[in-house]
Amino acid sequence: MTSSRLLVWCVIVLGVLTAASFAACAGSTDSAIHGERQTLVHGGIERHYVVRVPPDAIQTTAAVPLVLVLHGGGGNAEVTERMTGFSHKAAREGFIVVYPEGTGGFTRKLLTWNAGHCCGYAMEQKIDDVGFISVLLHKLIQEYPVDSARIYVTGMSNGGMMTHRLGIELSDRFAAIAPVVATLFGDETPPAFPVSAIMINGLLDQSVPNQGGPPGGRFPNAWDGTPAKPAQSQGAFWAGANDCGATPTRDDRGAYVVWRYLCPEGRAVELYLVNDGGHAWPGGEKGGRRGDQPSSSLNSTDVIWTFFKNHPRQ
């Protein structure tokens, strides 16, 4: 990339060009460039998101993958970035990662996503989060070197439920999705286009019970009362959406079990059930003082990124 174009990218990503920020743009590949929080207005609401662009993505003219990472109910971009470590992964692997934020009744507090039957403010106010993400994707594609065939979304808990909804309603945009400690409710409409899916759930999760049923944990009233389907129903749903076989293979790794469906070439559906996993991001950091301790049985971020990079849009 030319020095003039690099200068432009520095201004786009960092918002202001100082000697220190230019050094960050041109320097180490050990960590992603930390851009400022950005905003857009959708549905009359100012929405927020954080963009992290690794140096390799700035210093090349080639299009790179884009991964959206959605926080859980009550979370925000910063907590999710720290908890998942996706920015470090993006820096090493050369993709752009974006942390959108939901909405709440208080500024940047108790933010949630409208995933249909969950959760909180966004669900109750019927916030158009699908529309927000659609507009955000268009904006990101216009402003960054995004490969439109390699756009992905992952999220935890309420963010994982929203990930399911985005995979269904924006199936023409996402190549693959990765809900973590999330669920489906049984009334979802199959997507118009195939979307590969990998799901990770914990057998000890009390907030989103592996066996399905009513929500538990500290905020059971954040849902609308619709019982969740068992975790493995997620695999069956996405297997059907991708024209995969109905019966998955079972790969017992001791600390966790992987269920894989036989799918047409280029598509995949996998479900990981972590034996010692609670309501947390396996392999990540604890989300908060009162949150569950993450399992160390596998690194969800590594597993998800490997799945994503192997499944571009067909």
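Taking the stretch 213-256 as the range and being assigned to a helix (DSSP H, G or I), surrounded by fewer than 20 Cβ atoms within 10 Å (Cβ to Cβ) and modelled with pLDDT of 95 or more as the test, the residues that pass are Gln232, Ser233, Gly240. Check whether at least one residue in the stretch 228-251 is of a type in the set (Lys, Arg) and within 18 Å of Ile168 (Cβ to Cβ), and report yes or no. Yes, the stretch 228-251 has at least one match. Any chance the stretch 121-144 includes a residue that's assigned to a loop (DSSP other than H, G, I, E, B), within 18 Å of Phe308 (Cα to Cα) and either at pLDDT below 95 or among the hydroxyl-bearing types (Ser, Thr, Tyr) (or both)? Checked the stretch 121-144: no residue is assigned to a loop (DSSP other than H, G, I, E, B), within 18 Å of Phe308 (Cα to Cα) and either at pLDDT below 95 or among the hydroxyl-bearing types (Ser, Thr, Tyr) (or both). Only one of the numbered conditions (1) within 20 Å of the chain's Cα centre (by Cα); (2) more than 27 Å from Thr112 (Cβ to Cβ) is violated by Val303, and that is (2). Ala57 passes every criterion in (1) surrounded by fewer than 22 Cβ atoms within 10 Å (Cβ to Cβ); (2) out of contact with any Leu (no Cβ under 7 Å at 6 or more places or on another chain); (3) modelled with pLDDT under 95; (4) not in a strand (DSSP E or B) apart from (1). Exactly one of (1) touching a strand residue (DSSP E or B) at 6+ places or on another chain (Cβ under 7 Å); (2) within 24 Å of Thr80 (Cβ to Cβ); (3) not charged (D, E, K, R) is unmet by Ser296. Its number? Ser296 satisfies every listed condition except (1). Of all residues in the stretch 135-153, those that are small (Gly, Ala, Ser) and surrounded by 17 or more Cβ atoms within 10 Å (Cβ to Cβ) total 0. Report yes if Leu14 is at pLDDT 50 or above and under 30 Å from Lys286 (Cβ atoms), otherwise no. Criteria not met by Leu14.
Residues are listed down the side, and each one gets a yes or a no for (1) buried (at least 22 other Cβ atoms within 10 Å of the Cβ); (2) over 18 Å from the mean Cα position of the chain (by Cα); (3) in a loop (DSSP other than H, G, I, E, B):
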{"residue": "Leu166", "(1), (2), (3)": "yes, no, no"}
{"residue": "Thr183", "(1), (2), (3)": "yes, no, yes"}
{"residue": "Phe193", "(1), (2), (3)": "no, yes, yes"}
{"residue": "Ala197", "(1), (2), (3)": "yes, no, no"}
{"residue": "Asp205", "(1), (2), (3)": "yes, yes, yes"}
{"residue": "Gln211", "(1), (2), (3)": "no, yes, yes"}
{"residue": "Val258", "(1), (2), (3)": "no, yes, no"}
{"residue": "Cys263", "(1), (2), (3)": "no, yes, yes"}
{"residue": "Gly277", "(1), (2), (3)": "yes, yes, yes"}
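On the basis of being at pLDDT 70 or above, among the acidic types (Asp, Glu) and in contact with a strand residue (DSSP E or B) (Cβ under 7 Å, 6 or more places away or on another chain), does Glu81 make the cut? In short, yes.
Looking only at the stretch 60-100, count every residue that is within 14 Å of the chain's Cα centre (by Cα) and part of a strand (DSSP E or B) and tell me the total. Result for the stretch 60-100: 12. Any residue that is polar (S, T, N, Q), more than 22 Å from Gly74 (Cβ to Cβ) and surrounded by fewer than 21 Cβ atoms within 10 Å (Cβ to Cβ) - is there at least one of those in the stretch 279-298? Yes, there is a match, as at least one residue in the stretch 279-298 is polar (S, T, N, Q), more than 22 Å from Gly74 (Cβ to Cβ) and surrounded by fewer than 21 Cβ atoms within 10 Å (Cβ to Cβ).
The values are calculated or read from the model by the stated rules, or taken from the named source; none is laboratory data. Since this is a predicted model, take the numbers as computed values, not measurements. For neighbour counting, all protein chains shown are included, and Cβ atoms are generated from backbone atoms with ideal geometry for every residue, glycine included.
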